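Note sheet for the following structure.
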Amino acid sequence: MNLNRIGRIGALCWVAAAPVFLVASLVTGLRWRQPTYSWATNNISDLGNVHCGVWDTTRPRYVCSPWHPVMNAATLATAVLLAAGLLLTWRLLGRGVVVRSAQTLLLLATGGYALAALYPADVDENLHVLGAFLIMGLGNVGLLLAGFAPGTTLLARWRRLTLAAGLTALAGTVLFFAQQGVGIGVGGMERVAVLPFPLWACCLAVLLAETPPSRVDHGVVVPL
């Protein structure tokens, strides 16, 4: 598809979001010492905790993240990039109640990333948990809902990808809140709940750029 300038910027924002988040997670985790950071046992939030000490009554663990500002800044950048991508491709992906509801829920999820970044778990646990709920609760419902976009919309072209991402994310959410690691640890399961949205957005942006030219009329696609 020959994306217009706004659409191209939105796609670029989506392409950048997942790498920013993943690279920051890796780099920040590598700075941990005694104990080292584990993607299987530690939560994502542990990377952003400001203070050192034993954390979490459910799964007590010692948390000390020297580069927490890097993680929190990257999480905030992820929120901005995902939100910008959504808003700049808002009309391009389609219209109708299903599409708009999905986009709204996903936009709320970007607010969750911002809350999680601005309010680390050991600074304001309530707002941090609210952010997690927006990401893993409302956001993942929105992702699944996007998989049911009407067949006339551009979003429907990638129904299988979207449904797979939404179902995976919701399954990860249920298992994470049930504290079931299922072989990858509770921390690993949290990533199954959190990562599908930014990874889906990254894939969708690439697919948008590679889509053959079509006539798009306010989100209704008619192949040439």
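The values are calculated or read from the model by the stated rules, or taken from the named source; none is laboratory data. What you see is a predicted model, and the numbers here were worked out from it, not measured in a lab. Positions of Cβ are backbone-derived with ideal geometry, glycine not excepted, and every protein chain shown enters the neighbour counts.
A few comments on the model shown:
- Of all residues in the range 177-192 being without any contact (Cβ under 8 Å) to a residue 60 or more places away in the chain and of a type in the set (A, V, I, L, M), the one that is surrounded by the fewest Cβ atoms within 10 Å (Cβ to Cβ): Ala178
- On inspection, Ala114 passes the criterion of being surrounded by 18 or more Cβ atoms within 10 Å (Cβ to Cβ) and either of a type in the set (Phe, Trp, Tyr) or more than 30 Å from Thr152 (Cα to Cα) (or both).
- Options Ala171, Ala132; residue that is farther than 19 Å from Gln103 by Cβ and crowded, with 22+ Cβ neighbours inside 10 Å: Ala132
- Filter pass, Leu138 being modelled with pLDDT of 95 or more and farther than 30 Å from Val70 by Cβ: no
- Under the condition of being within 15 Å of the chain's Cα centre (by Cα) and without any contact (Cβ under 8 Å) to a residue 40 or more places away in the chain, the residues counted in the range 81-109 number 4.
- Considering each residue of the range 184-194 in turn, at least one proves to be farther than 17 Å from Leu106 by Cα and in a loop (DSSP other than H, G, I, E, B).
- Check on Thr36, under 19 Å from the mean Cα position of the chain (by Cα) and either farther than 24 Å from Phe197 by Cβ or modelled with pLDDT under 95 (or both): no
- Selection status of Ala102, more than 25 Å from Val182 (Cβ to Cβ) and out of contact with any Gly (no Cβ under 7 Å at 6 or more places or on another chain): no
- Of all residues making up the range 1-52, the number that are among the β-branched types (Val, Ile, Thr), touching a residue at least 24 places away in the same chain (Cβ under 8 Å) and over 27 Å from Ala205 (Cβ atoms): 2
- If the condition is being in contact (Cβ under 8 Å) with a residue 60 or more places away in the chain and either outside any loop (DSSP other than H, G, I, E, B) or not basic (Lys, Arg) (or both), then the range 54-74 contributes Trp55, Thr58.
- Residue in the range 86-98 that is of a type outside the set (Asp, Glu), modelled with pLDDT of 95 or more, buried (at least 18 other Cβ atoms within 10 Å of the Cβ) and closer than 26 Å to Thr28 by Cβ present: yes
Rundown of residues vs (1) within 17 Å of Gly111 (Cα to Cα); (2) surrounded by 14 or more Cβ atoms within 10 Å (Cβ to Cβ); (3) not hydrophobic (A, V, I, L, M, F, W, C), yes/no style:
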| residue | (1), (2), (3) |
| --- | --- |
| Ala16 | no, yes, no |
| Cys52 | no, no, no |
| Arg59 | no, no, yes |
| Pro66 | no, no, yes |
| Leu81 | yes, yes, no |
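- Verdict on Leu12 being surrounded by fewer than 21 Cβ atoms within 10 Å (Cβ to Cβ), of a type in the set (A, V, I, L, M) and either over 24 Å from Ala193 (Cβ atoms) or in contact with a strand residue (DSSP E or B) (Cβ under 9 Å, 6 or more places away or on another chain) (or both): yes
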